[in-house]
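Participant: The structure's right below; bear with me while I get my questions together.
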Amino acid sequence: MAMRDEVKEQQQKLKGKSVREKLEYFWDYYKVHTIVVLFAAFAICIFIKDMMASKDDAFSALVLNSYGYEQQADFQEDFAAYAGIDTKTYNCQIDAASTLSLDAMTQLDLAFSQRLAGMVQTNALDAFVSDAEIFGHYAEGMMFQDLRGELSAEEYEKYEPYFYYVDAVFIEEKNRVQEEDPYSDSPQETAADPTDPSAMKDPVPVGIYLPDSAKLAQWNCYMNTEEAPVFGFVFSGKHPDTAHLFLAYLTE
């Protein structure tokens with residue numbers, strides 16, 4: 001039946017009906033259509049609202065395994081004020097709640113490691129702080145900037161006593177062995193002490209130890225360990241200037 005004929009037929013059926021009867025007929029006949037249209041309109045409104053409310057990121061940092069989630073919001077607000085970030089216009093994200101264990105590797109650990117990889121690949125992470133074991137794992141994956149090209153002369157002099165080093169030759173050799181025989185059970189050579197560049201063939205400073213950080217203590221981060229966490233500039237970060245401000249903030 002042509003659409004015009006169908007419309008005429010429906011008009012004839014409604015002829016002489018009361019308003020209430022017409023509404024009941026409309027609901028019975030167009031119920032599915034109406035629900036679909038209302039749902040689509042609702043979804044569009046939500047999408048437009050989210051677009052209007054969304055803010056650009058001004059900074060993103062991960063303070064991993066710090067157990068500082070209870071004061072994370074205050075942590076973010078305090079640094080935003082320090083860095084001059086207008087949080088009404090921009091996002092200032094500091095994740096002090098996430099955890100990762102390389103030993104257990106539960107489903108939660110796997111999910112987080114995948115999320116972290118996604119953040120790095122999409123330039124959504126500027127700075128990274130963690131315990132030395134986790135930091136070393138990602139440092140071997142070349143996730144951090146070489147501090148020799150990242151720091152100013154003044155910063156380099158200030159932070160050099162606290163550098164965390166990796167051996168570029170060791171990493172290259174380790175990767176080569178894994179590529180040649182990824183299922184090998186033979187013992188691997190262990191990395192040199194990250195605080196001792198003299199024991200390395202090609203030492204590269206990629207991290208900065210943060211002993212006695214007053215700001216981390218203020219926000220109850222790493223309170224259950226005596227080990228100093230390590231800071232690194234993520235190589236794909238979009239806001240390096242703010243990452244430098246974050247380092248200065250943590251080392252006041």
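The values are calculated or read from the model by the stated rules, or taken from the named source; none is laboratory data. The model shown is predicted, which means the values in this text are computed figures rather than measured ones. Because the Cβ atoms are built from the backbone with ideal geometry, glycine has one as well, and the counts that use them run over all protein chains shown. Side chains included, ligands, DNA and RNA excluded: accessible areas come from the protein's heavy atoms. Shrake-Rupley method; radii C 1.70, N 1.55, O 1.52, S 1.80 Å.
Participant: With a 1.4 Å probe and every protein chain left in place, work out the accessible area per residue of region 124-179 in Å², rounded to a whole number.
Facilitator: On the way: 2830 Å² over 56 residues.
Each residue of region 124-179 exposes 51 Å² on average to a 1.4 Å probe.
Participant: Looking at region 117-176 from every direction and averaging, what is the projected area of its Cα convex hull in nm²?
Facilitator: Values: hull surface 20.4 nm².
The directionally averaged projection comes out at 5.1 nm².
Participant: Dipole size in debye (nearest 20) for region 106-181 around its Cα centre, Lys and Arg Cβ +1, Asp and Glu Cβ -1? Display every interim value, and only then the final one.
Facilitator: On the way: 5 positive and 17 negative charges, 60 e Å.
My answer is approximately 280 debye.
Participant: In terms of the Cα gyration tensor, with a ≥ b ≥ c the square roots of its eigenvalues, is region 85-199 rounded because a/c is under 1.5, prolate because a/b exceeds b/c, or oblate?
Facilitator: Values: a/c = 2.16, a/b = 1.20, b/c = 1.79.
Since a/c reaches 1.5 but b/c is at least a/b, the shape of region 85-199 is classed as oblate.
Participant: Let me cross-check residue 137: its accessible surface, 1.4 Å probe, with only protein heavy atoms counted, in Å² to the nearest 10?
Facilitator: 90
Participant: Work out the P(r) tail for region 54-106: percent of alpha carbon pairs separated by more than 14 Å, whole number.
Facilitator: Details: 768 of 1378 pairs.
Here the long-distance tail beyond 14 Å is 56 percent of all Cα pairs in region 54-106.
Participant: Still on this structure, I have one more. Give me a comma-separated list of calculated 3J(HN,Hα) values for region 81-97, in order, Karplus coefficients 6.51, -1.76, 1.60 applied at θ = phi - 60°, integers in Hz, x for any Gly or Pro.
Facilitator: 5, 4, 8, x, 8, 7, 6, 6, 10, 10, 8, 10, 9, 10, 8, 10, 9
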